[in-house]
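Notes for the one structure printed next.
The values are calculated or read from the model by the stated rules, or taken from the named source; none is laboratory data. Every value quoted in this text rests on a predicted model; they were computed, and no experiment measured them. Cβ sites come from the backbone with ideal geometry, for glycine too, and all protein chains shown count toward neighbours. Side chains included, ligands, DNA and RNA excluded: accessible areas come from the protein's heavy atoms. Shrake-Rupley method; radii C 1.70, N 1.55, O 1.52, S 1.80 Å.
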Amino acid sequence: MREAHPGLPDFDYIRPANLAEASRFLAENPQTARPFMGGTDTFVRLRDGFWKETRYLVDVKNLDGRAEITFDPQNGLTVGAAVSMNQVVADARIRSHYPLLAQAAHRVASYQLRNRATLVGNLCNASPAGDTLGACLLFGGILRVHGVEGFRDQPLASFFQGPGQTALKPGDIVTSIRFPLPAPGSVGHYEKLGRNVLSDLAIVGVTALGHPDSSTASGYRFHLALASVGPVPLVFSDLLTQAPLTPEAVDEAAARAMEATRPIDDVRGSARYRKFMVRNLSRRALTRVWEGLRSGNRCE
Ligand SMILES: Cc1cc2nc3c(=O)[nH]c(=O)nc-3n(C[C@H](O)[C@H](O)[C@H](O)COP(=O)(O)OP(=O)(O)OC[C@H]3O[C@@H](n4cnc5c(N)ncnc54)[C@H](O)[C@@H]3O)c2cc1C
């Protein structure tokens, strides 16, 4: 029988002087070296025996510029890879222009954990249950990645490839994530169902974002992202555009989201329960966004 928590194995802690050195080391040791930031996933995986080949942990959080948040009213927001969840939650620019991101970050674990856990680490970990994946996808996040061949941009839309699987290659280090300005008047809402209110991964997570759009029959455009109901987050774009908005239309959109999901049974919940929760939480999230659009409250 496998021990639940076998304990931390021996490893070497590597602190490179710069990005080039870090990427080179990671590329030269593809099976045995991993980058880390806050370590909240890394050390748990290592302790629990999931990463048996890992010999080197490469600390990339102290490299230049990694801990900065910048906002430009023309170009949007950039969050450095070492920025913690609590920094995201507290940042006045994020709360004002991307309140959905602050709301999602606030739902991650506990206050203490959010002091270490980073937004970019949550994305790179690529858990289908990650709380911030939906908001980052709906805001059109673009990762800045440094690899052995230099920098490149990686849209989040094509980043997630399966549980724990991403488009990153050996040597790649995400240095920041950039978000364009949201559509004017955008309103977002995150609904998370966990086994308890604090510190549990989502059984189902529903992120909704909407904005006024005079070119649609409803006068609005909505987007949904679902967590924990498939190997990667499921995104539904451009919902509720075709007819005037009614509670019945919202019900229908939520039911369609439910039908599109193929969740699995696991310790947190059955597939059947998850499907029903997708419908209920999608209906609730879309309704809250609709209410926000009518009242002008940016994060319902
Ligand atoms: C008790 C507990 C409760 C939790 N609850 C929640 C929860 O409610 N919701 C939730 O979403 N998550 C939860 N988590 C998961 C975790 O806290 C997050 O995923 C966290 O945001 C990861 O950030 P980090 O900086 O700690 O990542 P790390 O552990 O440092 O790294 C995570 C992964 O990303 C890779 N990585 C990190 N940084 C980079 C980089 N710059 N470039 C390339 N790859 C990189 C690492 O190699 C590793 O595979 C919980 C974890 C624990 C231990």
Which count do you get for residues in segment 246-270 that are part of a strand (DSSP E or B) and open to solvent by 50 Å² or more (accessible area, probe 1.4 Å)?
1
Would you confirm whether or not segment 162-182 contains a residue that is open to solvent by less than 20 Å² (accessible area, probe 1.4 Å) and away from the ligand (no atom under 11 Å from the Cβ)?
yes
Looking at segment 85-123, which of its residues are free of Cβ contacts under 8 Å to residues at least 40 places away in the same chain, within 12 Å of the ligand (Cβ to nearest atom) and either not in a helix (DSSP H, G or I) or not assigned by TED's automatic domain parsing to the domain that holds ALA157 (or both)?
VAL108
Looking only at segment 124-145, filter to residues that are touching a Ser or Thr at 6+ places or on another chain (Cβ under 7 Å) and in a helix (DSSP H, G or I); which one of those is farthest from the ligand (Cβ to nearest atom)?
LEU138
Whichever residue in segment 43-84 is touching a residue at least 40 places away in the same chain (Cβ under 8 Å) and of a type in the set (Ser, Thr, Tyr) and, among such residues, is surrounded by the fewest Cβ atoms within 10 Å (Cβ to Cβ):
TYR56
Just to be sure before I move on: is GLY141 open to solvent by less than 10 Å² (accessible area, probe 1.4 Å) and over 13 Å from the mean Cα position of the chain (by Cα) in the structure I sent?
no
